[in-house]
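Each remark here refers to the structure printed beneath this line.
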Amino acid sequence: MANIAVICEGVSEFNIINYIASRYKEGLFLNAVQPKINPAKGTQDDDGGWSRVLDHCTDKIINEIFQLNDYLIIQIDTDSSHISPYDVKQENKDGTKKTYKRLHAEIKARLMRDISHETRKKYLNRIIFAICHNEIECWLLPVYFTDNKACKTNNCIYLLNGELLKRDVPPIPDKKKNSPNAQKAYRQILKNIRKKSEVIRIAKYSHGFYNFILGLDTI
């Protein structure tokens, strides 16, 4: 069994990552370093968001993590990457939008920016990145869509909620992604992903998702 620490934006992101990883590869034990999760209630005990992810990408914390864990997953959304101190612009100098591939590479570099060369050299091959273009909910669109909506990177929660309502399932509450009702909605979506083959199918619609499962293959 591989012990895997997770630094992510919130409890909903952790639950999605944990579910996907368990369906893709057996023998993984994921534990949340950020955020702290109440094991009894499954709720988030501290602040979340991209700033907390960046706060945890330091030499001290990374070294502490690898004292007890074999691997580390770092999850972050890209929707706020242009805001300081995230500081990864989403447009090129000529004003055109960066490709997903370029934005993904620049955000990986940003996550490692405050970690020393020595620590990166020691652990980089044991760090798996889950970089979600716009938001992690965009990874889930192919659960319900196989047309051009499957690879959209905007209005993802809105599209998912439309499908949930068709199935008489309460939607993901606006701005309350970590609430109990939101967790019920995520479970309803995720239960459609049962096998490794289904993870591979939906991952192919997203550069960040596909790179995440390639990272899992290194375990």
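For this structure, a couple of remarks:
- Boolean, Ile128 is assigned to a helix (DSSP H, G or I), surrounded by 13 or more Cβ atoms within 10 Å (Cβ to Cβ) and of a type in the set (Val, Ile, Thr): no
- Residue in segment 26-38 that is touching a Cys at 6+ places or on another chain (Cβ under 8 Å), among the small types (Gly, Ala, Ser) and crowded, with 21+ Cβ neighbours inside 10 Å present: yes
- Looking at Leu160, Leu103, Leu111, just one residue is buried (at least 16 other Cβ atoms within 10 Å of the Cβ) and under 16 Å from Ile16 (Cβ atoms), and that residue is Leu160.
- Residue that is nearest to the chain's Cα centre (by Cα) [pool: residues in segment 161-205 that are assigned to a helix (DSSP H, G or I), farther than 16 Å from Lys149 by Cβ and among the charged types (D, E, K, R)]: Arg187
- Filter pass, Ile107 being in contact (Cβ under 8 Å) with a residue 24 or more places away in the chain, of a type in the set (A, V, I, L, M, F, W, C) and touching a helix residue (DSSP H, G or I) at 6+ places or on another chain (Cβ under 6 Å): no
- Checklist (1) of a type outside the set (Val, Ile, Thr); (2) assigned to a strand (DSSP E or B); (3) within 14 Å of the chain's Cα centre (by Cα) applied to Ser12, failing item: (2)
- Residues that are part of a helix (DSSP H, G or I) and among the hydroxyl-bearing types (Ser, Thr, Tyr), drawn from segment 94-110: Tyr100
- Flag for Tyr158 being aromatic (Phe, Trp, Tyr), in contact (Cβ under 8 Å) with a residue 60 or more places away in the chain and outside any loop (DSSP other than H, G, I, E, B): no
Every number in this text was worked out from the coordinates using simple rules, so none of it is lab data. All figures in this text were calculated on a predicted structure; none of them were measured in a lab. Cβ sites come from the backbone with ideal geometry, for glycine too, and all protein chains shown count toward neighbours.
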